[in-house]
Structures are given as C-alpha cells and as structure tokens.
Amino acid sequence: MHKGLKWLAVITTLGMLFVLLGGALVTKTESGMGCGRSWPLCNGQLIPTNITVELVIELAHRVVSGGVGLLVLALSVWSWKAIGYKRETKFLSALSFFFLLLQGLIGAAAVIWGQSDFVLALHFGISLISFAAILLLTLLIFEVDQKFEASSLVINKRMRLHMIGVTLYSYIVVYTGALVRHTNSSLVCKDWPLCVNSSPGLPANMYEWIQMGHRTAAGLIFLWIAYITYIAIKEHKHQKVIYWGWIIAFTLVSLQVISGALVVFTRLNLGIALLHALIISCLFGLLCYFILLASRSKLNND
C-alpha cells in the first residue's frame, strides 16, 4: 500500500475531526454570525478589519473546512485509483465528499438566508457521516479488515440487527444533542439526570422537552449498547473484533453519559462540551465500522 496514501488518510481523518469540533465550537460560542451575512468572504472582505473573537472562530472554521474539503477530494480520488477493487471504496469515497460538500452548503445557506434551529441541528450530523466515511476509508487503506479477518467474519442475524439498529438510532441521539445546542437548551435543566431532581415530572416547556428528550435518548442508547456488549462478551469471545469492539463502544458511551452530566454540572464548560462532541464522533465512527462488518458477514452467510 502507498505510504503517502496512508499519511493522507490519517491527516484527512484528523482534519475532519477538527471540522466537527470547529462546528461545535462555533455553535457553543454563538459565533455563527461572526462574519455577518457574508459568505465565503467575512463581512464582505477578503481580509477582515474589525476583528472579534466570534469572527476569528467562524473564519477559522471556514478555512479549516475548505482545506479539509480539498484533502477529502484528494483522498477520494487516490483511494478510488489505489484500492478501488475493494467493494466499499468507491461508495465511501463518494459519500465522504458529498456529505462534506452538503455540510458546507447548509452552513453557507444558514449564514446568507438563516435557517431554523431544527434545520441547523442537521449540520453536525451531516458532517458526522462524512467523518465516518473517511474513517472507514482510512481503515480500509490500512487494511484493518484483513488484520481482523473481517472478510471471513460470520456474525449471526441477531447481532447484525443490533449493529444496524443501534447505529441508526445513534443518529437520532446525535440530532437531539445538536438540537439542544442550537436551541440554547443546554442549561434549561439545572439538575441531572432529571430536569429538577427534587420535583420529578413532565417538562414544562419546549426547551425542557428538547433537553429531557435528548437525555432519554442518550439513556436508551447506553442501555442498548450495554446489552449488546453483554451478548458480545458472552457469545463472541472467539471473534476479537466483535468482542473488543463492543467493549470499546460501551466505554465510549459511558464516557459520553459522564461528559453529558459534566456539561450540566460545570454549567457548560467549553472544554467538557467539546469533549462531549468528540466522544460521540468516535462512537459513531465505531458503530459505522460495525455496519461494514455486518455487511461483509451477510455476504459470508449467504
């Protein structure tokens, strides 16, 4: 395998992580309008003169996104030529670039015309799909599937359904989390795990519904992944990629729950909030890798 392609894959994957965290930073610092209603220029200027913190954050996010976009394009083309014989390569190459481009267009539309919070919440999820595609492409380039003998892996139907189901459901969790940020509902509930621990009851307004809806969704995925991990430990000890993969997934979802609680306890500490976004990005990438394994296993079963 080309050494240069491996380096490009690693740099692009890390770059896409910066795009994800940069987008979360823009939202959490309310810097989305740091450059005004101007795109791709900042306040209609190539080099802005009236510098603010919000402008720096928004402009840096745009520059990084543009640079990573070029890296994704280069990685897609090179991968297509170098490992196009692997059945997932062309699909992942096209998927990664398409969703990164879509993410940029939605971001531009939000700046120029404005969008509702419910539409803007899709922004992080779209970037996440691009990141997952790039991560899987990188794993293919490093031939991780061969090291784990994924091409000959046989996964039973129950485990495959769990893999597909929890991955699709995780996207709902991601969307509700993004909606919490975009509607400024992060601290509407001062307690955890309930909105008001001393007074249990239904949410009183839309913002509390959004916050508690996300907490409920996050709690359910924690229980679901815990159950799948139990099955993996009990029935798949002989399949290391399944056994250790779900142990890592459970560790990540546990850290996600802990960091979510800390966001409330620290009253939206920026570092904790960005860590929260980083963990869910890693978890989603791992779950998507399980989907790849499940698709190959189905072929082996057939």
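The values are calculated or read from the model by the stated rules, or taken from the named source; none is laboratory data. For clarity, every value in this text was computed on a predicted model and none was experimentally measured. No Cβ is skipped: glycine too gets one built from the backbone with ideal geometry, and neighbour counts run over all protein chains shown. These accessible areas exclude ligands, DNA and RNA; they are computed on the full protein's heavy atoms, side chains included. Shrake-Rupley method; radii C 1.70, N 1.55, O 1.52, S 1.80 Å.
Average accessible surface for segment 239-302: 42 Å² per residue, computed with a 1.4 Å probe over protein heavy atoms with every protein chain in place. Peptides 66-75, 128-137, 192-201 ranked from most to least packed give 128-137, 66-75, 192-201, packing being the mean of other C-beta atoms within 10 angstrom over each peptide's residues. Our coupling estimate for segment 218-224, obtained by passing each phi through the Karplus curve with A = 6.51, B = -1.76, C = 1.60 and θ = phi - 60°, is 5, x, 5, 5, 4, 5, 5 Hz, Gly and Pro reported as x. The HN-Hα couplings worked out from phi for segment 250-265 by the Karplus form 6.51 cos²θ - 1.76 cosθ + 1.60 (θ = phi - 60°) are 5, 4, 5, 5, 5, 5, 5, 5, 4, 5, x, 5, 5, 4, 6, 5 Hz, whole numbers, x standing for Gly and Pro. Remark on Val188: its backbone amide H falls under 5 Å from none of the residues 5 or more positions apart or on other chains, H modelled at 1.01 Å from N.
Counting only heavy atoms of the protein chains and using a 1.4 Å probe, Met206 has close to 100 Å² of accessible surface. Taking 32 Å as the limit for the C-alpha separation, the pairs Lys3/Lys234; Lys86/Lys240; Lys90/Lys157; Lys6/Lys240; Lys28/Lys240 exceed it in the case of Lys3/Lys234; Lys28/Lys240.
Electrostatic tally near Leu268: other residues with Cβ closer than 10 Å to its Cβ, Lys and Arg +1, Asp and Glu -1, net +3.
Over segment 1-120, Cα pairs under 8 Å with separation of 6+ residues give a relative contact order of 28 percent.
Each peptide in 231-240, 46-55, 268-277 receives the mean, over its residues, of other Cβ atoms within 10 Å, and ordering these scores from highest gives 268-277, 231-240, 46-55.
Coupling constants for segment 87-92 follow from the phi torsions by the Karplus curve (6.51 cos²θ - 1.76 cosθ + 1.60, θ = phi - 60°), and in residue order they are 4, 8, 4, 5, 5, 5 Hz; glycine and proline get x.
Computed about the Cα centre, the dipole magnitude for the chain is approximately 780 debye when only Lys and Arg (+1) and Asp and Glu (-1) carry charge, each at its Cβ. Shown for the chain: the carbon plus sulfur share of the solvent-accessible area, taken with all protein chains present and a 1.4 angstrom probe, equals 71%.
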